[in-house]
1. Checking the condition among the β-branched types (Val, Ile, Thr), crowded, with 23+ Cβ neighbours inside 10 Å and within 22 Å of the chain's Cα centre (by Cα), which residue from 178, 97 passes?
2. Of the numbered conditions (1) modelled with pLDDT under 70; (2) part of a helix (DSSP H, G or I); (3) among the aliphatic types (A, V, I, L, M), residue 27 satisfies every one except a single condition; which is it?
3. What is the number of the single condition among (1) within 26 Å of the chain's Cα centre (by Cα); (2) of a type in the set (Val, Ile, Thr); (3) surrounded by fewer than 22 Cβ atoms within 10 Å (Cβ to Cβ) that residue 218 does not meet?
4. Would you be able to tell me the number of residues in segment 226-280 that are on the phi > 0 side of the Ramachandran plot and in a helix (DSSP H, G or I)?
5. Could you please give the count of residues in segment 413-452 that are surrounded by 11 or more Cβ atoms within 10 Å (Cβ to Cβ), hydrophobic (A, V, I, L, M, F, W, C) and either part of a helix (DSSP H, G or I) or on the phi > 0 side of the Ramachandran plot (or both)?
6. Of the numbered conditions (1) within 30 Å of residue 241 (Cβ to Cβ); (2) at pLDDT 90 or above; (3) surrounded by 17 or more Cβ atoms within 10 Å (Cβ to Cβ), residue 460 fails exactly one; give the number of that condition.
7. Quick one: which of 161, 206 is within 22 Å of the chain's Cα centre (by Cα) and in contact (Cβ under 8 Å) with a residue 60 or more places away in the chain?
8. Given the residues 60, 81, which is the only one that is surrounded by fewer than 22 Cβ atoms within 10 Å (Cβ to Cβ), part of a helix (DSSP H, G or I) and modelled with pLDDT under 90?
Amino acid sequence: MALDSASPITRSTLFRRKPVRRAADGAVEGPGLTRTIGTFQLTMFGVGATIGTGIFFVLASAVPEAGPAVIVSFVLAGVAAGLAAICYAEMASSVPVSGSTYSYAYATLGEIVAMGVAACLLLEYGVSTAAVAVGWSSYLQEAIANLTGWRLPDAILYAPLSAVPDAPTGVINLPAVVLVGLCMLLLIRGASESARVNAIMVVIKLTVLAMFAVIAFTAFRADHFANFAPMGVGGVATAAGTIFFSFIGLDAVSTAGDEVKDPQRTMPRALIGALFVVIGFYLLVAVSAIGAQPWQQFEGQEAGLSRILEIITGTPVWATILAVGAVISIFSVTLVTMYGQTRILFAMGRDGMLPPLFARVSSRTQTPVQNTVIVAVVVALLAAFVPLDYLIDVVSIGTLTAFIIVSLGVIILRVREPDLPRGFKVPGYPVTPVLSILACGYILASLHWYTWVIFAGWVIVFLAFYLLYGRRHSALGRGIVAPTEGGH
C-alpha cells in the first residue's frame, strides 16, 4: 500500500526501511548503472583512495610519537581500519548497491538515520576531495621545481584566504581546479575507463613506494631499532591514532555496488584485497625508512620520504621521481573520492532524497553526467577559494561515524535477517563488529569539541532538508518501493 508522503512526521515514517532482500538480489527501483568493474579494478579503487599523501608524510608526525615502535602503531591502525573493512565486506555482499553506508543504513536503521549518514559521507568525500586537490597543487609545484627550477606564481597557486597565520595567499588555486576538471571528464566518460586509469596510476604509485623501500634497505641498520619503544605504550597508541587516517578510503569500494560485476563476491574480495595491499605497503615503507634513518631525525622532516632518498643517494634524482609519484598518487585519490561522492548522490536521487537530476544517467556514457558536473563545480570552488584546514577533523568524524554505522548494521542484519544470502561473513562475529565500534568510538572521543559543534551544525542542516524535501519525495513514502515489513 502506498504511503502518504505528506503525512504527519511520525516514528513509522522517519524510520521506514528499504527492503533488504530486493537489494541482495541486485534489484533496484529507478535508473540503473552498467556493471563493468571487475575484482582487480575495484581493489585498485580501494588502494587508490587509501594510499595518498598520508604515507609520503605521516612518518614525520608518527615516528617522533612512538620511535621505532611506530611499526606496531601501523599494525594497530591497520587492525582498527581492518575491523571496519571486514564489516563493510559483509554489508557490501548483503546489500550490493551503490551508496555505501547510506544504503546500508537505509536498509537497517531507517530513512532519517540514512540521511544523517549521508550528511557524514558527503562531508567526508566533498571536503577531503577538495583538500586532496589542494595538496596535489603543492606537490605538482614541488615536482615542477625539481625538474625545471621554475615555480608557479603564488597568484595561481594559493586560495585568497588561509586558515594558517602567515601562510602564502593568492587569487585562485588553479592547479587544484584543473585536477578536479580532469577527474570530472574521466568520470563522465565512463566508470570502466575511470577504473582503468585509476588502476594504472595505482600500479605506478605502488612501484614508486617499492622503489623507495629498495633504496632505503641499501642503508638499513638494525641498531636503529635498538631503543624500540622510547615513549612507551602511550606513544604507540598516540601514533596509531595519527596513522589511522592514512587508512581512510577503503570504504570507496562500497560506493560502486551498481557498477560491479557479481557484486556479492567481488566487493568483499576487493575490500579485503585492498586492505592487505595497503597494510603491506605501509609496513614495508615504515620498516625500510626507520632502518635507513635514526628515528630522532624524522621530526620536522617536511619532505618526508623524498628527503630520506636524497640523504641516502646524495642526489635529488630519486627524490624527484618520488615527488612525481606523489603527484600521481594524489590524482588517483581525487578521482576515486569524486567517483564515490557522485555514486552516493546518485543513490539518494534514485531514492527521492534529492532531486531526480542527481539520478539521471546518460544513455551514451551510462554515467550520471549532471550529478558529476555539480560535484566537480562544488569541489573546485572549495579547492580554489576556501581554506579547508579547520574542516579536516570534521571529515574524520564523518568517516568514523560511517564506520560505526556499518559495524552496527552487520549486527542488526544478522539478528533481523539471519537467512539473508551473504557472499562474505564477518569472522569472529559478534566480537569483530563490536571491537570495530569500540575502536572508532575511542578515536572519536579524542577529537576537539569545536569539531563536534561544526559537525553537528552540518548534520542538523541536512536533516532539516530531509524533513522539508526528502521525506515528502521519498520513493518509499510515495509507494514506489514497498517498505520492509515491521520496518518502523
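1. 97
2. Just one mismatch for residue 27, condition (2).
3. Evaluating residue 218 over (1) within 26 Å of the chain's Cα centre (by Cα); (2) of a type in the set (Val, Ile, Thr); (3) surrounded by fewer than 22 Cβ atoms within 10 Å (Cβ to Cβ) leaves (1) as the failure.
4. Number of matching residues: 1.
5. So the count comes out to 11.
6. Condition not satisfied by residue 460: (3).
7. From the options 161, 206, the qualifying one is 206.
8. Of 60, 81, the one residue that is surrounded by fewer than 22 Cβ atoms within 10 Å (Cβ to Cβ), part of a helix (DSSP H, G or I) and modelled with pLDDT under 90 is 60.
The values are calculated or read from the model by the stated rules, or taken from the named source; none is laboratory data. Predicted model only: the values in this text are computed from it and were never measured. Positions of Cβ are backbone-derived with ideal geometry, glycine not excepted, and every protein chain shown enters the neighbour counts.
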